[in-house]
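Notes for the one structure printed next.
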Amino acid sequence: MTIQTNLTGLDLRAEIDRLRKERNAVILAHYYQKPEIQDLADFVGDSLDLSRKAQATDADVIAFCGVRFMAETAKILSPDKIVVLPDMAAGCSLEDSCPPEQFAEFRAQHPDHIALTYINCSTEVKALSDIIVTSSSAEQILSQIDPDQKIIFGPDRNLGGYLARKTGREMLLWPGVCIVHEAFSETELLKLRAQYPDAPIAAHPECPAVILDHADYVGSTRGILEFAQTVTGDTLIVATEPHIIHQMQKAMPGKSFIGAPGADGNCNCNICPYMALNTMEKLYLALRDLTPRVEIEEGLRLQAKKSLDAMLTLASGTVGRGDLGPVRAG
């Protein structure tokens with residue numbers, strides 16, 4: 001049988017809608033996806049919230065428009081559903097920074113530490129961890145851990161450093177970073193603030209400390225969206241992947257949202273190259289062919305699920321709510 005790969009002239013939106021019904025599929029889109037993908041998704045949101053929403057549906061297929069660790073999380077929580085990712089090359093710099101073999105060796109060197117691990121990691125690293133955290137749940141989880149318990153936090157050193165400064169809790173940090181949030185420039189951000197002196201800055205905690213120090217609000221993607229709705233002025237500067245601005249513009253069309261600049265004076269370098277690999281064409285093909293498909297060995301899945309379950313036990317109320325922490329004074 002010849003598989004059609006020439007999609008010229010195909011109404012992709014209509015075909016995706018048709019396949020969604022035929023496959024009994026649910027389409028998930030992270031906030032960092034392109035607007036056309038966000039607009040056709042059944043759910044748009046943070047990675048764990050999306051996986052939980054898909055788990056609660058009667059869908060047979062989950063098409064996850066995000067990156068690989070997100071699709072793997074959906075499979076961990078919904079093992080009986082088919083999970084497809086439009087482009088299996090859609091990885092994550094944080095995941096890449098923390099190879100499982102090296103993380104296992106690091107843990108072995110610090111046997112008196114427990115591992116709090118940011119959800120932006122591979123299934124294998126989740127299986128090596130004690131508790132998975134999100135940017136929304138991490139602080140609440142930290143507050144429930146015995147102050148004398150030593151902690152490894154990985155793979156994001158910026159998020160770990162932010163939590164350490166905010167809570168006063170010492171942690172051994174794995175040296176990973178998100179290439180998107182690492183690209184923001186303090187010099188260019190200050191130029192932008194001088195241009196818009198009344199505009200608050202909202203930043204994701206994956207940003208370096210020199211960016212977070214200037215933020216009026218620090219929180220998860222969902223938290224930033226919720227903060228935007230509380231801003232009384234007409235302009236907000238946003239220091240995270242700029243595709244989240246699409247949801248802000250839809251919810252608050254009368255306000256202006258400006259992406260924080262990178263070192264070159266614009267935000268183009270802050271578009272996630274991994275998220276950008278997903279396209280309408282690839283989503284259509286994934287639904288048509290049910291591939292690339294995410295598969296996880298059952299023993300590994302169950303071990304990884306333990307660390308996710310630990311998070312949900314300690315902080316289930318944070319999922320999908322965002323981190324509505326205190327706004328910086330002054």
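The values are calculated or read from the model by the stated rules, or taken from the named source; none is laboratory data. In this text the structure is predicted, and so the values were computed from the model without any measurement. Cβ atoms come from the backbone with ideal geometry, glycine included; neighbour counts cover every protein chain shown. Keep in mind that these areas ignore ligands, DNA and RNA; they rest on the heavy atoms of the full protein, side chains included. Shrake-Rupley method; radii C 1.70, N 1.55, O 1.52, S 1.80 Å.
When only Cα pairs under 8 Å and 6 or more residues apart are kept, what is the percent relative contact order across region 149-229? Mind showing how you got there, number by number?
Working: 106 pairs, mean separation 20.9, N = 81.
Computed over region 149-229, the figure is 26 percent.
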Could the peptides 40-49, 184-193 be put in order, highest first, of the mean number of other beta-carbon atoms found within 10 Å of their residues? 40-49, 184-193
Taking one equal scatterer on every alpha-carbon of region 207-248, how large is log10 of I(q)/I(0) by Debye at q = 0.24 1/Å? -0.89
Which values of log₁₀ I(q)/I(0), to two decimal places, follow from the Debye formula for the chain at q = 0.13, 0.15 Å⁻¹ with a uniform point scatterer at every Cα? -0.97, -1.26
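Full-extension gain between Asn6 and Lys150, please, as 0.36 nm times their residue separation minus the C-alpha to C-alpha distance.
Extending this stretch completely gives an extra 46.3 nm.
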In nm, to one decimal, how far is the Glu298 label point from the Ala276 one, both placed 7 Å along Cα→Cβ? 4.2
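Let's test the formula: R0 of 35 Å, r as the Cβ-Cβ distance of Met252 and Asp289. What FRET efficiency results, to the nearest 0.05? If you can, show how the numbers build up before the last one.
Details: r = 39 Å, r/R0 = 1.10.
Result of the calculation: an efficiency of 0.35.
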Within region 156-275, what whole-number % of the accessible surface is contributed by carbon and sulfur, with the 1.4 Å probe and all protein chains included in the calculation? 52
How big is region 85-207 in terms of Cα radius of gyration and Dmax, in angstroms? 16.2, 50
Here Rg/Rh (Cα, Kirkwood) for region 59-140 equals 1.01
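Averaging over all projection directions, find the projected area of the Cα convex hull of region 143-286 and quote it in nm² with one decimal place.
Taking the Cα atoms of region 143-286, their convex hull projects to 10.8 nm² on average.
Per residue of the chain, what 222 nm ellipticity follows from adding -39500 (n - 2.57) for every DSSP H run with n ≥ 4, rounded to the nearest 500? Could you put the intermediate results ahead of the total?
Numbers: 16 runs with 132 residues, N = 330.
It comes out at -11000 deg cm²/dmol, rounded to the nearest 500.
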